[in-house]
Structure formats: structure tokens, C-alpha cells
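For reference, the structure is listed below as C-alpha cells.
Only the coordinates and a few stated rules stand behind these numbers; no lab work does. Not measured: the values here are computed from a predicted model. With ideal geometry, Cβ positions are generated from the backbone for all residues, glycine too; neighbour counts draw on all protein chains shown.
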Amino acid sequence: MEAKDRIIVALDVDSLDKAKSLVENLAPYVGCFKVGLELLTAVGAPKVVEFVHSLGGQVFYDGKFDDIPNTVGGAAKAVAGLNVKMFNVHASAGVKAMMAAVANKEQLLVLAVTVLTSLEENNAHLIFGGPSKAKVLQLARDAEIAGCDGIICSPQGLEFLGKQKELGSLLKVTPGVRPEWAAAGDQKRIMTPAEAIKAGATALVIGRPITKPPAEIGTSVDAAKKIAEEIATVLYKKGSEIMNEQEVLQVLGNVGAVIANSHIVYTSGKHGTAYINKDAVYPHTKETSDLCRAIAEQFANDSMEVVIAPAIGGVILSQWIAYHLSEITGREVFGVYAEKAESGDTFIIKRGYDKLVAGKNVLVVEDVLTTGGSAKKVVEASRALGGKIVGLGVLCNRGGITPQDVADPPKLFALVNVKLQARRMGRSGMSTLCQKRSDQHGCWQRQRISGSQESELNNKGLAAPDIKDKAAFFLKNLL
């Protein structure tokens with residue numbers, strides 16, 4: 001799904017005349033049009049849908065069905081006959097009503113409305129008798145049970161719903177999205193388009209920022225293009241597909257690269273509860289290739305000539321990223337590596353690779369940034385040979401590293417930016433759980449071997465049987 005396909009324009013007008021120019025102009029630049037109660041009531045559903053189709057647009061039928069199961073099922077059957085792309089039903093109508101909608105949807109997508117984004121938190125308490133977060137989670141689980149294709153939720157809902165493994169298959173369509181250059185309007189819980197997609201939204205419902213953009217932005221088409229460009233900055237290619245950061249984390253979780261809910265001692269000596277084990281990714285060549293392709297895409301227009309990484313951990317990355325850059329650009333991009341000097345304080349570039357780096361546009365790559373020390377030394381070693389550093393690309397920036405921390409590459413890009421909580425503790429400062437595990441089994445340790453390579457954690461019998469299940473905990477506690 002490309003960036004433009006994730007934009008759903010809200011046609012909040014009361015006549016076809018007002019809708020005509022919007023649909024005609026925007027159809028090539030957005031995914032579909034949300035037709036709501038105002039236009040459906042004023043004109044009639046069949047006429048509205050036929051009108052949008054005739055102008056090349058697709059329809060999200062925003063009827064928000066909310067009735068007894070038999071009536072909801074009948075309404076869903078009627079909408080299916082209109083050949084729209086998707087329609088919605090209030091999850092509060094109950095599981096049976098949603099099941100009736102699903103049973104009659106034919107090829108359409110059914111989305112369950114959780115809590116309206118226009119509701120302030122105090123009103124949510126009055127209506128639902130509790131916080132909106134708890135109600136959204138309950139309704140989303142009901143939608144999953146009923147077999148709905150997805151849910152409609154606020155941007156803030158994305159963050160905690162993404163932590164629920166059982167809801168991972170649900171599409172998440174999000175209103176309450178406003179670019180920084182647009183007014184908030186009547187939405188109370190909002191994010192920018194990039195923030196929402198990064199948080200896990202599948203598609204965004206956007207009205208006035210596109211249909212009535214500020215004068216300085218230009219036309220509706222200008223606004224739609226600007227929003228699509230913003231969305232594209234947080235999407236990464238995975239083969240022919242495009243991923244957001246949550247989907248990248250899912251790839252890592254699927255191959256057991258996310259370890260969480262454990263006591264870990266990092267090489268820095270700090271203690272923490274989670275770890276991204278990049279070595280678990282590398283045996284899976286397809287996933288490794290997909291992730292490296294996503295990094296390569298970010299530097300495709302930077303005239304890259306050489307990709308270099310610190311040995312040993314980054315060597316696989318340099319090869320794959322160079323391969324994909326060669327494929328994308330149509331010219332050969334070399335993949336090389338730097339080795340740690342015998343003193344251990346610097347990295348050196350030898351084996352003839354120094355001649356490949358000299359005078360060339362260089363991309364430095366690394367798997368995981370914790371302190372950024374190895375990446376910084378490779379940047380410095382490349383520059384010392386006359387290489388022009390164009391950027392630094394990494395799988396995961398877990399240390400909150402900035403360009404200034406790694407010798408100022410012009411561009412620092414990470415597929416995943418996660419600040420893993422870590423702290424120093426003496427034995428007296430250990431938690432009870434930490435002391436118990438240390439006494440009985442020893443902490444999960446990471447050992448330095450050579451260069452920047454670090455071995456996998458030694459599991460002292462403390463891990464869950466299924467490492468994939470830990471991805472859910474990681475998403476829940478660290479994002």
C-alpha cells in the first residue's frame with residue numbers, strides 16, 4: 001500500500017455539486033473517499049456511490065450501523081450491493097450485530113467504530129463509565145471476535161492497541177489526524193499523519209486539511225500530495241510492499257529477534273529488560289534482505305558508491321544493502337567492511353577496501369546503535385581515507401543516538417527507533433527478581449567477542465518457550 005493509498009478523504013459536504021471538484025481532482029492522489037451521513041442523507045446512498053465511482057474514486061461508506069443484529073445484517077447486504085470498498089458498524093452494537101455485518105459483507109471490508117475521536121476524556125467517562133482506553137480495547141477485542149476486518153480508532157488508541165498481539169491482524173483506520181500546518185478543528189485526540197502511520201495506522205481519514213487547506217499550502221491536490229509525502233517518510237519498502245515502523249518490528253518479532261520481559265546485562269554493564277537480538281535475523285535471508293532493502297531505499301537518491309560496516313556484525317548488512325542499492329540505481333555499489341585495530345581503540349580499512357573508499361560517496365551501516373561508538377569510528381576511518389560520508393543507516397537506534405554522537409553524518413536513518421530502558425545497579429540495588437535470578441541462574445549476559453560483534457544472550461532457562469510471543473511484550477512496554 002503506497003502512501004497515497006493510505007489517505008481517505010472525508011467528503012463532509014451536503015451536495016454532489018460541492019463534492020464534484022474534490023473527487024475529480026483528488027481521485028488520482030488518494031486511496032478513497034469517506035461518504036458520511038450528511039451526503040448520504042441529502043442525496044441518497046446509491047446516487048452518491050455511483051457519482052463517486054463515475055469520477056474514478058472508491059468509497060468508504062460511513063454509515064456507522066448501530067442497531068439489532070438483523071437490521072445491521074440487512075444494511076450490510078444492501079451496502080454490499082453498491083460495490084463500495086468498505087463500510088463501518090458501531091462496535092457498541094455488540095458482537096452479534098458485527099457478526100451479522102461480516103456475514104453479509106461479501107467482498108467488502110467491515111470496520112468497527114470504537115470510541116469517536118471527538119470525545120473528550122471526561123465525556124468518555126460519562127458515557128462509558130470509565131476511561132476511553134479501556135473501552136477501546138474491549139470494543140476492539142469484540143470486533144476481532146466478530147471477524148471484522150479492522151477498526152476505527154483514535155491515534156492514541158493505536159499505541160496501546162498495537163501492543164495487543166491478538167489484535168495484530170486488524171486494519172486500523174484513524175481519524176483525528178492533522179498535519180502540523182492544519183488547525184485541530186473538533187478532533188480532541190490528534191496526531192500528525194507521519195506520527196499516526198508510525199504508530200501503526202493502516203489508513204488515515206482526513207477532511208478539512210485536504211478539502212479546505214490553508215492558503216499557503218495551495219489547492220486540495222497540493223495538500224493531498226504534501227500529506228502523502230509526509231506519510232512516505234515513515235514507510236519502508238519490503239519487497240514490493242511498504243512497511244511502517246510497527247510492521248518492521250513485527251518482522252523482527254517473527255524471527256525471534258525481540259527479547260523482552262527478561263533480566264539482561266548489556267555490554268555497557270547496565271541492566272535492562274529487553275534486547276533486539278540482530279543475530280537472530282541474519283539466518284533468515286528473506287527477512288534480512290527485506291530489511292536491508294528498506295534501508296537502501298532511503299539512500300537511493302544519494303549517489304552512493306560504497307557501503308561499509310564495522311566487522312563482524314555489520315558485514316551482512318553492508319553486502320545486502322550494497323546489493324539492493326546496485327539493483328535500485330542500476331550501477332554497481334561496493335559492499336565492504338572495516339576491522340577493529342589490534343589496539344581495540346579504532347577501526348581500520350584494509351584488504352584493498354581502502355582504495356574503494358577513497359574519494360567515493362560512502363554509506364556507513366550498522367545493525368544496532370547503543371552508544372554509536374563503532375559507527376562513529378567507521379565514519380572517521382572512512383573520512384581519513386578521503387571518503388565522503390553521505391549517511392548512516394541502521395536497523396535499530398536503541399540508544400537515542402543523534403548525528404552529533406556519530407561524527408555528524410549528513411543523514412542518520414534507522415528502521416526502528418526504540419529507547420531501551422537501562423540502568424546501572426550494584427548488587428545492593430538489584431530488584432528481588434534480579435537477585436533471585438542472579439543467585440539461581442545468573443543474569444542474561446552478552447559477551448564481547450571480536451570487533452563490534454556481540455554474541456547472543458545466553459538463555460539460562462529464563463526465556464518463554466516461544467520467543468515470538470515476546471514481541472507483544474516489547475511493543476507494549478518499550479514503544
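Can you give the Rg to Rh ratio for region 4-234, taking only C-alpha atoms and Rh from Kirkwood? Here the Rg-to-Rh quotient is 0.95. The distance linking region 4-39 with region 365-403 is 45 Å (Cα centroid to Cα centroid, whole angstrom). Backbone amide hydrogens, once placed in the peptide plane, bring K34 within less than 5 Å of V9, A10, L11, F60, excluding anything fewer than 5 places away on its chain. Dividing the alpha-carbon radius of gyration of region 318-404 by the rule-of-thumb value 2.2 N^0.38 Å gives 1.08. Note: region 1-105, Cα convex hull, 96 Å³ per residue.
If Lys and Arg each add +1 and Asp and Glu each add -1, what is the summed charge of the other residues whose beta carbon sits under 11 Å from the beta carbon of E195?
Here the charged neighbours net out to -2.
Counted residue by residue at 0.36 nm each, then reduced by the alpha carbon distance between them, the extension gain from N122 to S303 reaches 59.8 nm. In terms of Cα atoms, the Rg and Dmax of region 54-188 work out to 15.0, 45 Å. Maximal additional length on extending the K286-L82 stretch stands at 69.4 nm, based on 0.36 nm per residue less the C-alpha distance. The calculated FRET efficiency for N70 paired with K47, based on their beta-carbon distance and R0 = 25 Å, is about 0.45.
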